[in-house]
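Structure record follows, encoded as structure tokens.
The values are calculated or read from the model by the stated rules, or taken from the named source; none is laboratory data. Keep in mind that this is a model prediction, so the values were computed, not measured. Ideal geometry is used to build each Cβ from the backbone, glycine not excepted, and the neighbour counts take in all protein chains shown.
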Amino acid sequence: MFGKKLKVSLLALLSGLILGLVGCTPEGKSGDAAMAEAAVSKHKIVIQVSSNDAKTQTIAMNNAVNLQKHYGMDNVDVEIVAYGPGLGMLTQSSAHQSRVSSLAMQDITFSACGNTKSKMEKKSGKQVALAEGVQIVPAGVARIMELQEAGYAYVRP
């Protein structure tokens, strides 16, 4: 008889522990507390553009805008990194030039690969003029890697 009561008590204790743990994160916070904390923490994303396809470039910018709408401009850091054939998107001669400059003023960071820019200039013999608000980084791929190491999510449309 004592063994049966002990088994029932142990099962009840284990059930209570399991139910209590289900609602907690590994840090011991309740699910609601963890969700609330996640809601106020800043989201970070890097979007790769390495294609000269206008539709792909438009999708990248749409993704950036949609993330700002979803989370709020103050709750998400968005950086679009362009290199290789995708760098054309960030030039002054691009069909996207005015939108790029406009989005740069709305806290979307645009980074142009310095390696690609140098190669384009060497090939054409002319300076490549970038859209207003575009920053140059030494290497686009390295910039993406650094951002991912800093906790940025990665998207390539």
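The set of residues from segment 61-97 being within 13 Å of Gly133 (Cβ to Cβ) and either among the charged types (D, E, K, R) or free of Cβ contacts under 8 Å to residues at least 12 places away in the same chain (or both) comprises just one member, Glu79. The residue list Gly16, Gly88, Gly3, Gly20 contains one member that is at pLDDT 95 or above and not charged (D, E, K, R), which is Gly88. Filtering segment 133-157 to residues that are exposed (fewer than 15 other Cβ atoms within 10 Å of the Cβ) and at positive phi leaves only Gly151.
The one condition from (1) farther than 16 Å from Asn52 by Cα; (2) touching a helix residue (DSSP H, G or I) at 6+ places or on another chain (Cβ under 6 Å); (3) in contact (Cβ under 8 Å) with a residue 40 or more places away in the chain that Gly133 does not meet is (3).
Taking the numbered list (1) over 20 Å from Glu149 (Cα atoms); (2) of a type in the set (Phe, Trp, Tyr); (3) surrounded by 22 or more Cβ atoms within 10 Å (Cβ to Cβ) in turn, Tyr71 passes all entries but (3). Taken together, the criteria exclude Val128 from residues that are within 20 Å of Lys44 (Cβ to Cβ), touching a helix residue (DSSP H, G or I) at 6+ places or on another chain (Cβ under 7 Å) and either crowded, with 16+ Cβ neighbours inside 10 Å or without any contact (Cβ under 8 Å) to a residue 40 or more places away in the chain (or both).
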